[in-house]
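The values are calculated or read from the model by the stated rules, or taken from the named source; none is laboratory data. Note that the structure is a prediction, hence the values are computed from the model and not measured. So basically every Cβ, Gly included, is an ideal-geometry build from the backbone, and we count neighbours across all protein chains shown. Protein only, heavy atoms only, side chains kept; ligands, DNA and RNA dropped before computing areas. Shrake-Rupley method; radii C 1.70, N 1.55, O 1.52, S 1.80 Å.
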Amino acid sequence: MSVYSAFARSAFHSQLAYRNEVWANIFGKLVQVIARVAIWQAAYAGVGATVVGGVSLQQMVTYALLGGAVMGATRPERIINEIGRSLKTGDVAVWLLKPIFYPLYIFANECGSFGYRLMTQVIPTVAVTAMFYGMLPPASLFDGAMFIVFWMLSVILLSLMSMFCGLIAFWLMTSFSLDWVLGALLQLFSGLLVPFWFFPEPLATIARHLPFAWVVYYPNAVYLGRLSAADTWFHLGLGLGWAGLFLLGVLWLWRSASTRITVQGG
Amino acid sequence: MLLHHLRVIPLLVRMHIRSQMEYRGAFWLDRLAQILSYGSVFATIGILLARFDTLGGWSWPELALLYSFQLLAYSLGAAMSFTQLRDLEELVRLGTYDALLVKPFSPWVYLIFSGLNIGYAGHIILAVPLLGWAVFSVDFAWSVPSALFLVAALFSATLLTAALITMIGATALIWVRSNHLFSIFFGFWELMRYPLNIFPGSIQITLLTAVPLALTSSVPVAALLGKPVPILGDWAGPAALAAGPVWVLIAMVYWRYATGKYQGAGG
């Protein structure tokens, strides 16, 4: 296990090496979050209300801060591109020779990058924007604690989804389209910009049952106290079920992919 | 020299297009994925508008015009610049950019035309019909001058996009690494799917000056539809038309400056 934690540490330090990029990333993240808040302020101002559908503007501002800064710390394109690059260069064959499980290495690498983004983007962005916009605290201690659990589940689920898409590249021989398709599904069905309580039916019902909902929507809904305690436990169970399914999918794809590797040249 | 360049450019473009089309299935699959991705962004804005009717005083067809204009101007400008200038960082890092400097050919022209990206076809396939639908759906009395303004503003926005990307790429000649600046560029670019007037004053000023991406979409479209434009006011129309040519000149000067500073990083 210490091998994988070394990979995570290495990913963390390699990203810290370029200070210009650290500042650029903080600046980029801040702009993105301020913009999301501005969109909700403009939407509520347009209807001339501070509460729409039982959701206050302050709750939506908090949703935007959580969605933009906290839940945006996992980068699926990094995982998919890393698998795609290893496939293209043939590096993936080298991983088979090492006493290392490749999907776990990818996850360890992502954990290191996640730690980097948490420290350099999430915490500064939340601190600055919360100061300006007044971010709401969790609805209760239980919701706050469960939000952390749902957040961890979101990171694991998104990493598994990304690995699943990345491994499909072994058959398609391109990871580019997989990255864009996953991005499209997350954009629409994770609740990243618009939460499902503003979706028209039956689209809202469909979206609530898709795995992407556990990436942004459910963690944020739990934080804001929009789920009862029973519903929170029930949806945690469903989310773990989705994570289990994707884990099985990743294991099956990696096993099938390992037998397909053809090394050309070298 | 100019004649020599004009003769070689079509050969460079043809060679690159052939290489991009080698795997046609993968090429069109990638385009389909991009159409899905930008389509889902458009659908998200649609869901927001279905619930809230307007955003910053803009209706759904007006936002569709803004979104399609932005996507089209970006794809035309980026086809002429993005992947080529993004890859410049790697050329500098590995030292392969030195090989371009000794060619009897402008390095910028070589980079651009040997890497002309027809991959933006997906963006254009989505943006053109959407722009057509929005043009007929907005509550606006079209005239010949307004139609000409739309076309000229699109051309100016294309030039501005290519100029900004060229400047970011050229920074690699000075700093070696410049691709992180693209994340700032795209961060601001995503904002320009929405009207400029909804953002705080500091972001409005940034989007009109240091990172003038407002001039590639929300300013020209707002000027066309007669919407109020913060800071620029009645100057919004002329500013949108002048922005492209002016920033191309600035980018040319910056490219020369960056080339003068280039020392080589590769071994």
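Listed by chain and number, the aspartates and glutamates whose C-alpha is less than 15 Å from the C-alpha of residue B:227, apart from same-chain residues fewer than 8 away, are B:62, B:139.
Each of the peptides B:96-108, A:169-181 was scored by the mean count of other Cβ atoms within 10 Å over its residues; in descending order, highest first, they stand as A:169-181, B:96-108.
Legend: mean number of C-beta atoms from other chains within 10 angstrom of residue C-beta atoms, peptide A:200-209, equals 1.
Among A:103, A:200, A:211, whose mean-square fluctuation peaks in a Gaussian network model of chain A (Cα, cutoff 10 Å)? Largest GNM mean-square fluctuation: A:200.
Among the helices of chain A, those built from whole DSSP H runs whose Cα atoms reach 27 Å or more along their own axis and whose mean Kyte-Doolittle hydropathy is at least 0.0 are A:19-47, A:141-172, A:229-258. Close amide H partners of residue A:136, meaning residues 5 or more places away or on another chain with modelled amide H under 5 Å apart, are A:62.
Note on chain B: helix-only mean residue ellipticity at 222 nm, from DSSP H runs of 4+ residues weighted -39500 (n - 2.57) and normalised by residue number, equals -23500 deg cm²/dmol. Here the label points at residue B:19 and residue B:87, each 7 Å from Cα along the C-beta direction, are separated by 0.5 nm in the simple model.
Total buried accessible area between B and A, probe 1.4 Å, nearest 100: 3100 Å². Evaluating 6.51 cos²θ - 1.76 cosθ + 1.60 at θ = phi - 60° for every residue in the stretch A:208-220, the Karplus couplings come out as 5, 9, 7, x, 5, 4, 7, 7, 10, 4, 5, x, 5 Hz, glycine and proline recorded as x. Amide H contacts for residue A:55 (H built 1.01 Å from N in the peptide plane; partners 5 or more residues away or on another chain; cut-off under 5 Å): none found. Here the simple spin-label model places points 7 Å from the Cα toward Cβ, and for residue A:123 and residue B:106 these points are separated by 4.9 nm. Projected label points at residue A:140 and residue A:75, each 7 Å from Cα along the beta carbon direction, are separated by 3.8 nanometres. 3J(HN,Hα) along the stretch B:152-168: 5, 5, 5, 5, 4, 5, 5, 4, 4, 4, 5, 5, 5, 5, 4, 5, 5 Hz, from the Karplus curve 6.51 cos²θ - 1.76 cosθ + 1.60 with θ = phi - 60°, whole Hz, x for Gly and Pro.
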